[in-house]
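The values are calculated or read from the model by the stated rules, or taken from the named source; none is laboratory data. None of the values given here were measured: they were computed from a predicted structure. Ideal geometry is used to build each Cβ from the backbone, glycine not excepted, and the neighbour counts take in all protein chains shown. Please note that ligands, DNA and RNA were not included when accessible areas were found on the heavy atoms of the full protein model with its side chains. Shrake-Rupley method; radii C 1.70, N 1.55, O 1.52, S 1.80 Å.
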Amino acid sequence: MRWVESGDVRLAVHTDGDPAHPTVLLLHGYPDTHRVWDEVAALLSGRFHVVRYDVRGAGASTGPRDHRDYGLDRLMDDLEAVLDAVPGRGRKVHLVGHDWGSVQGWEAAGRPGLRERLASFTSLGGPGTRQVAGFARHGRPRDRLAQLVRSWYIGAFLVPVVPELAWGSLVPRLLARRLRREGAPPRDGHPARTLVRDGRNGLWLYRANLRHGPARPPDPGAAGPVIDVPVQLVEPAHDVFVTEALSEWCGRSASRLWRRRIDAGHWAHRGRPGVVAGMIAEFVAHVEGAPASRELRRARVGTQAEARAGAQAGTAGAPAVARRGVRRGAFADRLVVVTGAGSGIGLATARAFAAHGGEVVCADLDGAAAARAAEGIRADGLGAARGGTAWGVQLDVANIDQMEDFSRNIISQYGVPDIVVNNAGITVAGSILDHTVEHWRRTIDVNLWGVVHGCRLFAAAMVERGQGGHLVNVASVAAFVPTRLLPAYSVSKAGVKALSDVLRAELAGHGIGVSVVCPGFVSTPMAEHATYAGPDRREPAARWLARRRYPAERVAAHILRAVHRDQAVVPVNLEGRMGYALSRISPRLTRGLAWLG
């Protein structure tokens, strides 16, 4: 620790890592101290020079004699004093702010004299005062009301005396309860031993800056001054203080914006320190010249500020996205895994995702078919800015060892998938009495256990990553309209639907969607590839599916729409929709249909 003087205040500054590395400055919020960043700082210090300090009146730093000196002007003086004091003076720093630290970051990124000293800014759970002013005046009424409800405490903080008394009794207990709910239970250093004093001093952050409302943006209807510093906006999905609408509004003021969402609460850097540190490191490395990761490419946003900056600067000076007008696919830079991608619905789905910008892993029991699917995507120039990005992998989804190796290899080589389509399946046709134990075992292993394996392995990785995702499980109309000619198949697909319903309920809180797609008859090679227990009806079944003239590409379109809209159950084509409706209206009649065949 070292001391830095700023007016009548002494700031306690802490540094970690090699000063020769890029500097990352972590600014804490209210009522925290620099110790709230302990886990993140430890993860970053091996690659970066990490600087933290207790803001005035918090932790070891002293407070000003005049409470009015908690205003943003004095806070900016503190930031400038710290920048002057840290090693590597004159080199730009990467600023990261949480809560009131983020409020200061927005102010610094738009303030002449300070913005020139910033290489980038990462905002976590805190809007700028000018952005708030623009939102309060020009945001949608329902969005403003929702944010007002979440900001009730600000009015309470502006009341004299009462908040100070509450900090001596009730508030510390409420804070500890909130941290536990967010998976960030109190530990040594956070909350700090100086919490009650910090809480009382920090009330003046609100009183000095918000008593008369936040500062007005310079332009009517604007989100604030156009900020030219690269901005990464990290939005905790379960933030109880800041709405998504307000975060989105703040991003409008950035001419270069990356917007990312994390499955965490307000104190995301405590609850998910590995995820937050990873986002900071990726962004800083990219700003320093490293290629953008897939996640960063996906997070890149074209903003209104870009359009304004482009109009002011002319074509030559406009930001790349605004200048080129590049149209990104709906699934651009998403990593998609499709099983059973060698033919039929799986092949059509893999090609559809690739055509809409996705990078696709085509997996199939037939390794040659998987390779042909991937090669076809590359040859046709589908996806990845028409460069065609796809890989083919041989995979038996029923084999747990192969599935575990497959998921581990995909994650290590390409990253955690954003979308997984569990489509692989087999069909055994014939009466239940003609089905052997092996028929049952293989059908359940592939059609149900294969989906269980895919969901379990990839959902766990999605939850750990903390950035959402989507699982699509391909079932069948047989899931709710069983037939006596497909007993094992019907049982397995009913299990897939039930599994999907359970998973959707469990994963919703993590921002992970689950859809079950239930097609009726589709013109695919399904009948030709089926196993027949008893009489072989291969030829008439294949002719019937061909005459149905419902191509697999139409099912693929439903799958993409299900992901885009986060649909739960997706019956496909006429018989699929009729069967689903009938199963809900008249279960007795649905059971009667099992005799058809």
Taking the chain and counting helices only, DSSP H stretches of n ≥ 4 at -39,500 (n - 2.57) each over all residues, the nearest-500 ellipticity at 222 nm comes to -14000 deg cm²/dmol
Under a crude label model (7 Å from the Cα following the beta-carbon direction), how far is E244 from R197 in nanometres? 4.2
Compactness of the chain as Cα Rg over 2.2 N^0.38 Å, two decimals: 1.13
Gain upon complete extension [D566, R211; 0.36 nm per residue less C-alpha separation]: 123.6 nm
Given Cβ point charges of +1 (Lys, Arg) and -1 (Asp, Glu) and nothing else, what value in debye, to the nearest 20, does the dipole of the chain about its Cα centre take? 1640
Once you charge only the Cβ atoms, +1 for Lys and Arg and -1 for Asp and Glu, what is the size of the charge dipole of region 472-597 about its Cα centre, to the nearest 20 debye? 400
0 to 90° range, to nearest 10: angle between helix 450-465 axis and the chain longest Cα axis: 10
With E164 itself left out, Lys, Arg at +1 and Asp, Glu at -1 over residues whose Cβ is under 14 Å from its Cβ give +2
Just to confirm my numbers, what's the Cα centroid distance between region 123-168 and region 430-467 in Å? 49
In Å, descending, principal axis extents of the Cα set of region 81-195: 45, 42, 31
Counting only the heavy atoms of the protein chains, how much of D405 is accessible to a 1.4 Å probe, in Å² to the nearest 10? 70
State whether region 11-61 is rounded, prolate or oblate according to the following rule on the C-alpha gyration tensor (a ≥ b ≥ c being the square roots of its eigenvalues): a/c under 1.5 gives rounded; otherwise a/b larger than b/c gives prolate, and the remaining case gives oblate. prolate
Express in Å², to the nearest 10, the accessible area of S490 obtained by rolling a 1.4 Å probe over the protein heavy atoms while all chains stay in place. 10
Averaged per residue, the 1.4 Å probe accessible area of the chain, protein heavy atoms only, in Å², is roughly 43
Would you pull out the residues with amide H under 5 Å of A533's amide H, same chain only if 5 or more places away, H placed 1.01 Å from N? A429, G430
Taking R0 as 51 Å, what FRET efficiency do you get between R47 and E404 from their Cβ-Cβ distance, rounded to the nearest 0.05? 0.95
Furthest towards positive pole of dipole, L124, L75, L11, structure part region 1-144, Cβ charges: L124
How much solvent-accessible surface does W3 expose, in Å² to the nearest 10, with a 1.4 Å probe and all protein chains in place? 100
Using 20 Å as the cut-off for backbone N distance, which residues of region 416-450 belong to the label zone defined by a point 7 Å from the Cα of R300 along Cα→Cβ? 416, 418
For the chain, give the share of DSSP beta bridges that are antiparallel, in percent and rounded to the nearest 5; count only bridges with both residues there. 20
Mean-position separation - Cα centroids, region 488-517 and region 336-351, in angstrom: 19
With contacts defined as alpha carbon pairs under 8 Å and 6 or more residues apart, what's the relative contact order of the chain in percent? 9
Once the Cα atoms of helix 72-85 and of the chain are each reduced to a long axis, what angle between those two axes, in degrees from 0 to 90 to the nearest 10, is obtained? 90
For R588, R442, what's the largest-to-smallest order of accessible area, 1.4 Å probe? R588, R442
Nearest 10 degrees, 0 to 90: helix 538-548 Cα axis against the chain principal axis: 50
Work out how much length A581 to D73 would gain on full extension: take 0.36 nm times their residue separation and subtract the Cα-Cα distance, in nm to one decimal. 176.5 nm
To the nearest 0.05, how large is the calculated FRET efficiency for D366 and A546 if R₀ is 25 Å and r is the Cβ-Cβ distance? 0.70
Please give the peptides 291-299, 144-152, 42-50, 417-425 ranked by average Cβ packing (other Cβ atoms within 10 Å per residue), highest first, as a rough proxy for protection. 417-425, 42-50, 291-299, 144-152
Order these peptides, 360-367, 429-436, by their mean beta-carbon neighbour count within 10 angstrom, highest first. 360-367, 429-436
Once a ≥ b ≥ c are taken as the square roots of the eigenvalues of the Cα gyration tensor of region 245-307, is the result rounded (a/c under 1.5), prolate (a/b larger than b/c) or oblate (a/b not larger than b/c)? oblate
If every Lys and Arg gets +1 and every Asp and Glu gets -1 at its Cβ, then about the Cα centre region 379-473 yields a dipole, in debye to the nearest 20, of 240
Cα gyration tensor shape of region 152-282, rounded if a/c is under 1.5, else prolate or oblate by comparing a/b with b/c: oblate
Could you sort T443, T15, T524 by accessible area so the largest value comes first, with the probe set to 1.4 Å? T15, T524, T443
How much of the DSSP bridge set in region 1-135 is antiparallel, in percent, rounded to the nearest 5? 40
